[in-house]
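The values are calculated or read from the model by the stated rules, or taken from the named source; none is laboratory data. As the structure is a prediction and not an experimental result, all values here were calculated from the model. Here Cβ is always computed from backbone atoms with ideal geometry, including for glycine, and neighbour counts include all displayed protein chains.
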Amino acid sequence: MRSPDVRSHIAIGNDIEELLKTYEEQLRPLRVVSFLREDFKVEDARAAIAEAYISEEQTKYIVLAARNFNTVSQNALLKALEEPPKHIEFILIAPSKSLFLPTIRSRLPLINKASKPLVQAVDISLKQFDLTQLFDFIKTHERLKKHEAKALIEALYFQGSVKESMIYSHAQLEAFERAFRLIELNARVGTVLTMLMMTFLPKRDRNVGY
């Protein structure tokens, strides 16, 4: 059987578990070492690097699949991705390319295997957002996981800028940027969404405590 000719790359897909299984089948009979995580952490990066330095006579694929790759883990992977050991190929699987640092994206080609648009729909109008909607919105979304919260913030940005043709104020743009940073730092989702959505309330409602 001819060995698969697959080189290191990033793969974007909606269902990372299913995509991982597809790669494991596609890459047979060569060895595949898989890491499937909700949140890929620095200890996972170290384990993957240690696996990469176990010598192989044939190509070995190290497949890292996660819904979130934190900054520290990505920085830990940089050298191995740039200069991998002999016969080692890395495949990184995630639901969005925005999860990866520019330094990671510059080292690996990106393949989009998503079957659906990655921007989810939100059934609210930011132009007509009010205090009653705020309470309901936060209650509905305050328990989201990190990757889900990031996807929601992206969807809100898309909703206002594209679907509602809004021109965001400086405060609203700063709120979106800050929301992404805080979610990455594991801040409480409810608190972050409250901060962001308060910027869309009518001025008369913005001083009401949540």
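Annotations
- Out of Leu81, Leu108, Leu101, one residue alone is touching a helix residue (DSSP H, G or I) at 6+ places or on another chain (Cβ under 8 Å), within 18 Å of Lys146 (Cβ to Cβ) and of a type in the set (A, V, I, L, M). It is Leu101.
- Within segment 167-178, the set of residues being crowded, with 16+ Cβ neighbours inside 10 Å and either in contact (Cβ under 8 Å) with a residue 24 or more places away in the chain or aliphatic (A, V, I, L, M) (or both) comprises Gln172, Ala175.
- Residue check, Ser115 at pLDDT below 90 and either in a loop (DSSP other than H, G, I, E, B) or closer than 30 Å to Tyr157 by Cα (or both): yes
- Asp123 vs. criteria over 12 Å from the mean Cα position of the chain (by Cα), farther than 13 Å from Leu193 by Cβ and free of Cβ contacts under 8 Å to residues at least 12 places away in the same chain: yes
- Between Phe40, Phe90, the distinction of being of a type in the set (Phe, Trp, Tyr), closer than 26 Å to Leu182 by Cβ, crowded, with 20+ Cβ neighbours inside 10 Å and touching a helix residue (DSSP H, G or I) at 6+ places or on another chain (Cβ under 8 Å) belongs to Phe40 only.
- Candidates in segment 132-147 are the residues that are buried (at least 16 other Cβ atoms within 10 Å of the Cβ) and touching a residue at least 60 places away in the same chain (Cβ under 8 Å); of these, the one that is nearest to Leu182 (Cα to Cα) is Lys146.
- Scanning segment 157-177 for residues that are over 23 Å from the mean Cα position of the chain (by Cα) and of a type in the set (S, T, N, Q) yields Ser165, Ser169.
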